[in-house]
1. Determine which single condition B:THR45 fails, assuming it passes every other condition in (1) β-branched (Val, Ile, Thr); (2) surrounded by fewer than 13 Cβ atoms within 10 Å (Cβ to Cβ); (3) closer than 25 Å to A:VAL4 by Cα.
2. Tell me which residues, restricted to region B:14-31, are surrounded by fewer than 20 Cβ atoms within 10 Å (Cβ to Cβ) and touching a Leu at 6+ places or on another chain (Cβ under 7 Å).
3. Test of understanding: among B:ILE53, B:ILE77, which residue is β-branched (Val, Ile, Thr), surrounded by 18 or more Cβ atoms within 10 Å (Cβ to Cβ) and farther than 15 Å from B:GLY107 by Cα?
4. Considering only residues that are surrounded by 17 or more Cβ atoms within 10 Å (Cβ to Cβ) and among the charged types (D, E, K, R), look in region A:1-54 and name the one that is nearest to A:LEU79 (Cα to Cα).
5. I need the full set of residues from region B:71-96 which are farther than 20 Å from B:SER19 by Cβ and of a type in the set (A, V, I, L, M, F, W, C), in order please.
6. Filter region B:42-79 down to residues that are within 14 Å of chain A (Cβ to nearest Cβ) and part of a loop (DSSP other than H, G, I, E, B) and give me whichever is nearest to A:LEU103 (Cα to Cα).
7. Only one of (1) under 12 Å from the mean Cα position of the chain (by Cα); (2) under 17 Å from A:MET41 (Cα atoms) is not met by B:LEU66, so which one is it?
8. Of everything in region B:42-86, what is of a type in the set (Asp, Glu) and in contact (Cβ under 8 Å) with a residue 60 or more places away in the chain? Give them in sequence order.
Amino acid sequence: NAGVTQTPKFQVLKTGQSMTLQCAQDMNHEYMSWYRQDPGMGLRLIHYSVGAGITDQGEVPNGYNVSRSTTEDFPLRLLSAAPSQTSVYFCASSYQGGGNSPLHFGNGTRLTVT
Amino acid sequence: DQQVKQNSPSLSVQEGRISILNCDYTNSMFDYFLWYKKYPAEGPTFLISISSIKDKNEDGRFTVFLNKSAKHLSLHIVPSQPGDSAVYFCAAKALTGTASKLTFGTGTRLQVTL
């Protein structure tokens with residue numbers, strides 16, 4: 001079972017460059033989300049989606065865009081990277097956003113912005 | 001404003017003994033709590049959860065206790081094993097609504113020594 005797949009695993013960007021972090025899940029989950037993990041901060045929600053065509057902001061959405069054109073994919077776009085976006089990014093999905101469905105996480109993308 | 005707090009960044013326990021990881025929350029709307037375990041270079045994986053209608057949930061060596069009046073929960077691991085060495089995140093959410101967002105604590109690094 002592939003579960004939640006994130007690409008790339010590592011990325012180095014220069015300030016001002018753009019890139020897209022890819023996330024795909026094969027569990028037919030309706031709910032998908034992006035978190036960033038920073039030392040001493042835990043995991044913080046960036047954006048989430050309750051289904052194809054529907055997205056909403058989380059706790060730290062500034063500097064990031066998302067779209068959800070299919071159930072399987074939920075890419076995260078950085079339009080103009082900043083050093084403050086250096087972090088480990090995790091994509092997660094669950095059967096439903098409400099209720100007691102646990103999140104399933106990918107293995108993360110480690111991003112460094114110089 | 002950290003709504004979910006894990007005040008111990010690290011914990012060291014001998015193999016075979018009990019590990020107790022603590023978590024406090026401030027948001028009274030939270031009514032579902034989860035523990036995730038994270039190994040290096042991997043995403044968090046779901047470990048155990050508890051609803052606010054219960055005060056204890058057990059799964060093998062893992063037991064979560066919830067004290068609603070104190071807004072406190074704890075994870076007990078008995079007996080601790082070297083493979084339990086990981087970072088443990090406490091998380092909370094409100095079950096109401098169509099898209100409940102998971103709020104994470106900052107994590108506790110558990111080291112189980114031989």
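1. If we test B:THR45 against (1) β-branched (Val, Ile, Thr); (2) surrounded by fewer than 13 Cβ atoms within 10 Å (Cβ to Cβ); (3) closer than 25 Å to A:VAL4 by Cα, just (2) comes out false.
2. B:GLU15, B:ASP31
3. Step by step, each of B:ILE53, B:ILE77 is checked, and only B:ILE77 is β-branched (Val, Ile, Thr), surrounded by 18 or more Cβ atoms within 10 Å (Cβ to Cβ) and farther than 15 Å from B:GLY107 by Cα.
4. A:ARG36
5. B:ALA92, B:ALA94, B:LEU95
6. B:PRO44
7. Single failed check for B:LEU66: (2).
8. The one that is of a type in the set (Asp, Glu) and in contact (Cβ under 8 Å) with a residue 60 or more places away in the chain: B:ASP84.
Rule-based calculations on the coordinates, nothing more; no lab input. Please read all numbers here as calculations on a predicted model, not as lab measurements. Here Cβ is always computed from backbone atoms with ideal geometry, including for glycine, and neighbour counts include all displayed protein chains.
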